[in-house]
1. Assuming R0 = 30 Å, what is the FRET efficiency of residue 117 and residue 41, from their Cβ-Cβ distance, to the nearest 0.05?
2. Could you please report the charge total around residue 140, scoring K, R as +1 and D, E as -1 over all other residues with beta-carbon less than 15 angstrom from its beta-carbon?
3. Under a point-charge model restricted to the Cβ atoms of Lys and Arg (+1) and Asp and Glu (-1), what is the dipole moment magnitude of the range 34-127 relative to its Cα centre, in debye to the nearest 20?
4. What spacing in nm lies between the two simple spin-label points modelled at residue 93 and residue 141, each 7 Å away from Cα in the Cβ direction?
5. Quick check: with the 1.4 Å probe, what order do 104, 79 take by accessible area, largest first?
Amino acid sequence: MCTSPLPLPIKRFAVIAALVSLTACSAPRHRRDDAYDPTGRQPEPVLIIYHVKLGAATELEGLVKHAWEVYENEHMVMSHPHVCLRVKEDDHNIRLVEVFSWVSHFATEHPPAPVREIWNQMQLLCQERHGNLAMEVPTGEMLVP
């Protein structure tokens, strides 16, 4: 039986391989495991339409801005693009339209408590109108980044 020592380059390779495998096993995934997308974390573009209650536009606009900060802190959204528009529906009503991408389809599956609280507040500032939900959230495909 041969017990000769391994050449130095092979020893280095073995040590590096062992360290890499240990590091790979302990590498952190996304900050929130419930937002982890096993299909590769493809961003999910959304268009949120807020049908604003009369007199609630300023408050909702502030809440949308605050929500964005929370989403970013929770690593739920892609930072760009993000657009929010105020659209006049008729002589009395307006809607806010927000366009952005969640980091993945799973980003909103189990939202943290602060996000759920913001969504509840937003719902109170919106109303069903013309047969539409108070807040509509269709998903789509981003054509222009």
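The values are calculated or read from the model by the stated rules, or taken from the named source; none is laboratory data. Everything quoted here is computed from the prediction, not taken from an experiment. Glycine also receives a Cβ, built like all others from the backbone with ideal geometry; neighbour counts cover every protein chain displayed. Surface areas here come from the heavy atoms of the whole protein model, side chains and all, with no ligands, DNA or RNA. Shrake-Rupley method; radii C 1.70, N 1.55, O 1.52, S 1.80 Å.
1. After rounding to 0.05, the efficiency reads 0.75.
2. Values: positive: none; negative: 44, 98, 136, 141.
Overall, the nearby charge balance is -4.
3. Roughly 160 debye for the range 34-127.
4. 3.1
5. Working: 104 0, 79 65 Å².
Reading off the accessible areas and sorting them downward yields 79, 104.
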